[in-house]
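Undergrad: I'd like to ask some things about the structure below.
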Amino acid sequence: MLRIRLDLAYDGTAFAGWAIQPGLRTVQGLLEGALGVVLRAPVRVTVAGRTDSGVHAQGQVAHVDVEEGAWAALAGRSSRTSGDTLVARLGGLLPHDIVVRRAAPAAPGFDARFSALRRRYAYRIADDPARRDPMRRAEVLWHPRALDVDAMHVAARPLVGLQDFAAFSKPRPGATTIRTLEIFDWTRPTEGADAGLVVAVVQADAFCHHMVRALVGASLAVGEHRRPTDFPAVLLAAGVRDPGAGVAHACGLTLEEVSYPDDAELALRAGQTRNRRGRGWSGVELTG
């Protein structure tokens with residue numbers, strides 16, 4: 001068997017998340033179905049992390065194991081590589097809200113899920129009617145009130161580091177809520193495609209279920225001056241979900257990038273991620 005890395009993007013608006021669910025339209029379900037047609041065999045895709053319903057991805061990564069003969073046969077007598085052929089054929093089978101941008105044999109030891117070092121999200125908000133772009137309505141949250149971005153940035157700083165994020169997570173039996181939040185910044189860019197928007201960059205080794213949207217929800221309460229700047233830190237210290245904190249809508253959230261170590265360290269990283277179960281555990285949930 002040959003392990004193939006897939007780099008893909010999708011608009012999560014019309015999906016019930018990544019993971020296959022009976023009777024529902026999911027990214028995994030459509031991708032595995034299309035791959036099965038091209039490769040003429042059932043396949044199972046492993047993803048860097050499962051996104052929630054409505055969450056988008058620009059830099060999602062997955063892998064699939066394929067028989068070497070089937071992979072070689074894709075290119076046939078064409079001058080294209082097997083990866084290029086697979087991308088082209090998937091483009092003809094998949095709906096327009098999923099795009100596989102690249103397919104190629106992975107380096108030894110690669111595991112899309114366990115080899116990952118970190119995941120980076122962006123959450124985009126238009127709090128000014130003049131910044132509402134109907135062409136980007138699926139990826140930018142339209143917020144009815146002006147936000148104090150400076151206060152939101154100050155409130156986010158204490159959450160950075162190795163923390164127990166139980167207060168910002170949907171509980172799952174037996175799952176740890178300890179994560180290393182590497183970046184949590186709120187800014188209002190002055191140039192580029194996001195100029196004038198309120199943008200959060202959230203990066204961690206991994207995320208708990210609903211963690212990013214819960215962090216954003218608490219930040220919105222601060223930005224609207226409904227809560228003081230220490231509100232997120234107080235929630236963090238309490239260690240339990242506060243129903244009043246809220247969970248932000250999925251539409252503003254996009255998985256921007258999944259980072260991996262150098263090829264020589266891929267297998268080591270995968271082993272570490274599987275084995276760690278203490279405070280340093282690098283979890284694998286990526287649901288926003």
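The values are calculated or read from the model by the stated rules, or taken from the named source; none is laboratory data. Nothing here was measured: the structure is a model prediction, and the numbers come from that model. Ideal geometry is used to build each Cβ from the backbone, glycine not excepted, and the neighbour counts take in all protein chains shown.
Undergrad: Looking at A138, A116, A112, A146, can you tell me which residue is in a loop (DSSP other than H, G, I, E, B), of a type in the set (G, A, S) and modelled with pLDDT under 95?
TA: Only one candidate qualifies: A138.
Undergrad: Continuing with the same structure: Please determine whether any residue of the stretch 2-13 is farther than 30 Å from A72 by Cβ, out of contact with any Cys (no Cβ under 7 Å at 6 or more places or on another chain), part of a loop (DSSP other than H, G, I, E, B) and at pLDDT 95 or above.
TA: Checking the stretch 2-13: at least one residue is farther than 30 Å from A72 by Cβ, out of contact with any Cys (no Cβ under 7 Å at 6 or more places or on another chain), part of a loop (DSSP other than H, G, I, E, B) and at pLDDT 95 or above.
Conditions tested, residue by residue: (1) acidic (D, E); (2) out of contact with any helix residue (DSSP H, G or I) (no Cβ under 8 Å at 6 or more places or on another chain).
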residue	(1), (2)
P95	no, no
D111	yes, no
R119	no, yes
A130	no, yes
D150	yes, yes
P173	no, yes
T187	no, no
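Undergrad: Would a scan of the stretch 36-48 turn up a residue that is under 23 Å from T273 (Cβ atoms), touching a Ser or Thr at 6+ places or on another chain (Cβ under 7 Å) and buried (at least 21 other Cβ atoms within 10 Å of the Cβ)?
TA: no
To keep it simple, each residue is scored yes or no on (1) crowded, with 17+ Cβ neighbours inside 10 Å; (2) among the polar types (S, T, N, Q); (3) within 19 Å of A248 (Cα to Cα); (4) touching a residue at least 12 places away in the same chain (Cβ under 8 Å).
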| position | (1), (2), (3), (4) |
| --- | --- |
| H153 | yes, no, yes, yes |
| G161 | no, no, no, yes |
| A166 | yes, no, yes, yes |
| I178 | yes, no, no, yes |
| P189 | no, no, no, no |
| G223 | yes, no, yes, yes |
| T229 | yes, yes, yes, yes |
